[in-house]
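Structure first, then comments.
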Amino acid sequence: MKEFALIFRLNNTTDFKPSPEQMQERMNWLAGIASQNKLADKGNTLLPTLAGAKTVRPNNVISDGPYTEIKEFISGYIVIRTDTIEEAVEIAKSNPIFKIGGNIEVREVLKRD
Amino acid sequence: MKPIVKSSEELLPHLFRQEYAKMTAVLCRHFGLAHIELAEDIASETFLKASENWPINGIPQNPTAWLYTVAKNKLKDYFKHTAIFESQVKKQIIASPISDQQDFEFDPKIIADSQLAMIFAVCNPGNPMENQICLALQILCGFSVGEIANAFLTKTETIKKRLLRARNQLRKDHFRIKELNEKEIRQRLETVLRTLYLLFNEGYFSKTNNQLIRKDLCSEATRLALVLTDNPLTKTAQTYALLSLMCFQSSRLEARTNPEGEAILFEDQDKSLWDNALIEKGNYYLIHACSGAEVTKYHLEAGIAYWHTTPTDQKKWEHILQLYDQLILIENSPVTALNRLFALAKVYGNEKAITEAEKVNDNHSNSYHALLGYLHAERNIDTAIEHYQQAINLTKSGTEKKTLIKEIKRLTKKKTHNKII
């Protein structure tokens, strides 16, 4: 079994706060993965708020927020466990994030140990 | 909505099951487990007073608060008047400090902590599993000896013996609740979860027909598991997985028996009776159970329960079979093997499952014959009836017998119907 990180991206910070229905939809999606025993890590949400996000660049340049040029930010991640990247992509496809214009990056995890 | 007017005869047994254990747990913090009888005496006397007082004076506005006030006063009396006890306490103080009687309060935090300590005390690996469950039912859930015997379909004498042995074991260990340290908690957590799991199953698959007891058993086990998620040391992935399993299973409690207490087969259940709030809680806890590499039997069973509550998915049985394949590697029990065969039949058809079942060849088990009966029912009614008959002879459960007899009647009817055609 391989592990893949699913990295969620959104374009608009106003989409970040989900409605109860969206929340429920997300939870159902996650529980579906968990109940196939394919959820390796439930992951976390990454806050895009000004107070909670900074970007550090060379020469001590620090900017507010997670983004500067592209108006796209990472909103969270989870790690799933599948045999192939194709299977991971299939799982990602059914996420409700696409309804609000978000996208998902699927990346194989290389374990450090 | 109609106001629910309860008489004290109705309210007291329920309150007893709910509050007796909490009360005893808090009292035990002061006495130490070696003197659990003292704690139980005070709790019992409190309920006795309620049973005398309430029918005459009516049920107090806040019955629980009433009970705790009485318990508190009784404890004070104990400290004041019982000289013998006083001297025992003094001896104890030298051995291990007993908390000051002044700070004796029944606030929710102390109740939760005391109960947690109590769970760990009761789940003593020195006791055989059966005895542990009996003790857990009595001390943690406030079940009477009669009710425990009823749940196990055993004589009250047997239960009394089991309880006595279990209590002696606890006393022999000189177990004191306060002494539990981090290491011990981690070591025992597995036993604790196992006990709660069995406690829940005792209610869920109970042999007793008493609906109230079954539901109380399930909700008590769930409540205790919830207590575990309040403590950083005990809220592990495994604990969340178990809690998730309990929520998923409980969501179908209403639907899986008819008012007469007979089991309703999964396919015939009225799905509108499923509790959606509990299903959502199950989802929530299941997600929380997935952090880290740990996959336990509770994870897999929760997964299976999830698919049972998600009737729309086309690949449901494929998922369930996969989970059973993994589960059987972790814990190869006859029950798991049979459940796996059922899933296998759903995916690959009854014929294939029959061939596999014959390899298992668990002739002494009623469940084995019940499954074979089910698998043969479509094609070979006579063989099916034969297996059902054997299952009836082997089972100890009255409800199962009833369900099986019904099934035989249905098949016999079908047979004669086929002949006529």
| request: Could you give the size of the charge dipole of the protein assembly as shown about its Cα centre, using +1 on the Cβ of each K and R and -1 on the Cβ of each D and E, expressed in debye and rounded to the nearest 20? | output: 680
| task | List the residues whose amide H sits under 5 Å from the amide H of A:ALA40, counting only those 5 or more places along or on another chain, with H placed 1.01 Å from N in the peptide plane. | result | A:VAL79, A:ILE80, A:ARG81
| request: Could you rank B:TYR348, B:TYR68, B:TYR204 by how accessible they are, 1.4 Å probe, largest area first? | output: B:TYR348, B:TYR68, B:TYR204
| query | Under a Cβ-Cβ cut-off of 15 Å, what is the net charge of the residues other than A:ALA5 that fall near it, where Lys and Arg count +1 and Asp and Glu count -1? | reply | +3
| query | Hey, if we sort A:ASP113, B:ASP362, A:ASP64, B:ASP107 by accessible area with the 1.4 Å probe, largest down, what's the order? | reply | A:ASP113, A:ASP64, B:ASP107, B:ASP362
| request: Please name the residues of the stretch A:26-46 whose accessible area, counted over protein heavy atoms with a 1.4 angstrom probe, falls by no less than 40 Å² between the chain alone and the full protein assembly. | output: A:MET27, A:ALA31, A:ALA34, A:SER35, A:GLN36, A:ASN37, A:LYS42
| Heavy atoms of B:ASP268 accessible to a 1.4 Å probe, total area in Å² rounded to 10 | 110
| note | Rounded to the nearest 100 Å², the accessible area buried between A and B, both sides, probe 1.4 Å, is 1400
| task | Just need log10 I(q)/I(0) for the stretch B:362-421 at q = 0.16, 0.28 Å⁻¹, Debye formula, equal scatterers on the alpha-carbon atoms, no solvent, rounded to two decimals. | result | -0.45, -1.12
| message | Tell me the angle of helix A:20-34 to the major Cα principal axis of chain A, expressed in degrees between 0 and 90 and rounded to the nearest ten. | response | 50
| field | Acute angle (nearest 10 degrees) that the helix B:297-308 long axis makes with the longest principal axis of chain B, alpha-carbon atoms | value | 60
| remark: The aspartates and glutamates whose Cα lies under 13 Å from the Cα of A:LYS111, excluding any fewer than 8 residues away in the same chain, are A:GLU3
| request: Pick out which of B:LYS160, B:LYS401, B:LYS172 has the largest mean-square fluctuation in a Gaussian network model of chain B, springs linking Cα atoms closer than 10 Å. | output: B:LYS172
| request: Calculate the dipole size of chain B relative to its Cα centre from +1 charges on Lys and Arg beta carbons and -1 charges on Asp and Glu beta carbons; express the result in debye to the nearest 20. | output: 580
| said: Please compute, for peptide B:281-293, the average count of beta-carbon atoms on other protein chains lying within 10 Å of each residue's beta-carbon. | reply: 6
| query | Dipole magnitude of the stretch B:283-398 about its Cα centre, charges +1 at Lys/Arg Cβ and -1 at Asp/Glu Cβ only, in debye to the nearest 20? | reply | 160
| remark: Most packed first (mean Cβ within 10 Å per residue), the peptides B:49-56, B:241-248, A:38-45, B:117-124 order as B:241-248, B:117-124, A:38-45, B:49-56
| request: Compute the acute angle (0 to 90°) between the alpha-carbon long axis of helix B:381-394 and the principal axis of greatest extent of the alpha-carbon atoms of chain B; round to the nearest 10°. | output: 20
| remark: Pairs over 21 Å Cα to Cα, from B:LYS155/B:LYS396; B:LYS49/B:LYS76; B:LYS22/B:LYS215; A:LYS42/B:LYS297; B:LYS22/B:LYS74; A:LYS38/B:LYS316, come to none
| note | Cross-link reach from A:LYS54 to aspartates and glutamates, straight Cα distance under 16 Å and at least 8 residues apart if same chain, gives A:ASP64, A:GLU69, A:GLU72
| message | Please enumerate, by chain and number, the lysines with C-alpha under 19 Å from the C-alpha of B:LYS401, excluding those fewer than 8 residues away in the same chain. | response | B:LYS207, B:LYS409, B:LYS413
| request: Could you work out the Rg to Rh ratio of the protein assembly as shown, with Rh taken as the Kirkwood radius (inverse of the mean 1/r over all Cα pairs)? | output: 1.03
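The values are calculated or read from the model by the stated rules, or taken from the named source; none is laboratory data. No experiment lies behind these values; they were computed from the predicted model shown. Please note: Cβ atoms are built from the backbone with ideal geometry, for glycine as well, and neighbour counts cover all protein chains shown. Surface areas here come from the heavy atoms of the whole protein model, side chains and all, with no ligands, DNA or RNA. Shrake-Rupley method; radii C 1.70, N 1.55, O 1.52, S 1.80 Å.
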